[in-house]
Amino acid sequence: MSLFPSEVHQSQVRRFEQAGWEFCAADAPLPDDQVQLPVFLQEGGRLALLAPSLVVQFPDDVSEDIANERLACFHVQVSRPLRFAPGLFQARLVAGGDALAVADAMRASGEFLSVEPEWLEITGSR
């Protein structure tokens with residue numbers, strides 16, 4: 001029995017597996033050193049994995065230290081600054097959890113210009 005509904009293109013599954021990903025049932029036990037990411041079905045049968053990370057933009061140009069102070073109450077920490085816009089950072093969830101729920105809570109706080117979860121998807125060849 002397949003882990004995926006019939007709408008999922010098996011080529012998507014194979015390409016993730018070729019990149020080193022393994023798919024398992026949501027309740028499958030995992031070794032301590034492995035992380036389980038939720039899998040979503042996008043339009044057209046495309047798979048997307050929800051990464052435990054976000055792209056966060058502050059309304060002002062803040063330092064990494066100030067960004068970490070403001071992110072701490074959401075259990076999020078700066079991974080790296082993104083230099084193509086002021087106040088923009090890639091950040092990771094430090095306590096695990098649901099990146100969608102954390103992004104929603106951060107948006108609802110009104111403290112951020114934008115908060116977007118990061119998705120891992122297979123793209124076509126370039």
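Of all residues in the range 1-18, which are farther than 14 Å from ARG46 by Cβ and touching a strand residue (DSSP E or B) at 6+ places or on another chain (Cβ under 9 Å)?
LEU3
Name the residues in the range 64-101 that are in a helix (DSSP H, G or I), buried (at least 19 other Cβ atoms within 10 Å of the Cβ) and at pLDDT 95 or above, would you?
ALA67, LEU71, PHE74
Return the total of residues in the range 64-97 being touching a residue at least 40 places away in the same chain (Cβ under 8 Å), in contact with a strand residue (DSSP E or B) (Cβ under 8 Å, 6 or more places away or on another chain) and charged (D, E, K, R).
Residues that pass the stated criteria total 1.
Of all residues in the range 41-63 being surrounded by fewer than 14 Cβ atoms within 10 Å (Cβ to Cβ) and touching a residue at least 40 places away in the same chain (Cβ under 8 Å), which is farthest from SER79 (Cα to Cα)?
Step one: filter the range 41-63 for residues surrounded by fewer than 14 Cβ atoms within 10 Å (Cβ to Cβ), giving 42-44, 59-61, 63.
In the following step, the residues that additionally are touching a residue at least 40 places away in the same chain (Cβ under 8 Å) were identified as 42, 59.
Numbers: GLN42: 27, PRO59: 19 Å.
It comes out as GLN42.
Can you name the number of the only condition in (1) more than 19 Å from the chain's Cα centre (by Cα); (2) under 22 Å from LEU93 (Cα atoms); (3) surrounded by 14 or more Cβ atoms within 10 Å (Cβ to Cβ) that VAL8 fails?
Only one criterion is unmet by VAL8, namely (2).
With the requirement that a residue be in contact with a strand residue (DSSP E or B) (Cβ under 8 Å, 6 or more places away or on another chain) and either among the small types (Gly, Ala, Ser) or not in a loop (DSSP other than H, G, I, E, B) (or both), what does the range 102-126 give you? Break it down stepwise before answering.
Within the range 102-126, the subset in contact with a strand residue (DSSP E or B) (Cβ under 8 Å, 6 or more places away or on another chain) is 102-103, 106-107, 112-122.
Within the range 102-126, VAL102, ALA103, MET106, ARG107, SER114, VAL115, GLU116, PRO117, GLU118, TRP119, LEU120, GLU121 qualify.
Return the residues of the range 1-47 that are among the β-branched types (Val, Ile, Thr) and either on the phi > 0 side of the Ramachandran plot or in contact with a helix residue (DSSP H, G or I) (Cβ under 6 Å, 6 or more places away or on another chain) (or both); say none if nothing qualifies.
The one that is among the β-branched types (Val, Ile, Thr) and either on the phi > 0 side of the Ramachandran plot or in contact with a helix residue (DSSP H, G or I) (Cβ under 6 Å, 6 or more places away or on another chain) (or both): VAL8.
The values are calculated or read from the model by the stated rules, or taken from the named source; none is laboratory data. In this text, all values refer to a predicted model and were calculated from it rather than measured experimentally. In this analysis, Cβ positions are derived from the backbone assuming ideal geometry, glycine residues included, and neighbour counts consider all displayed protein chains.
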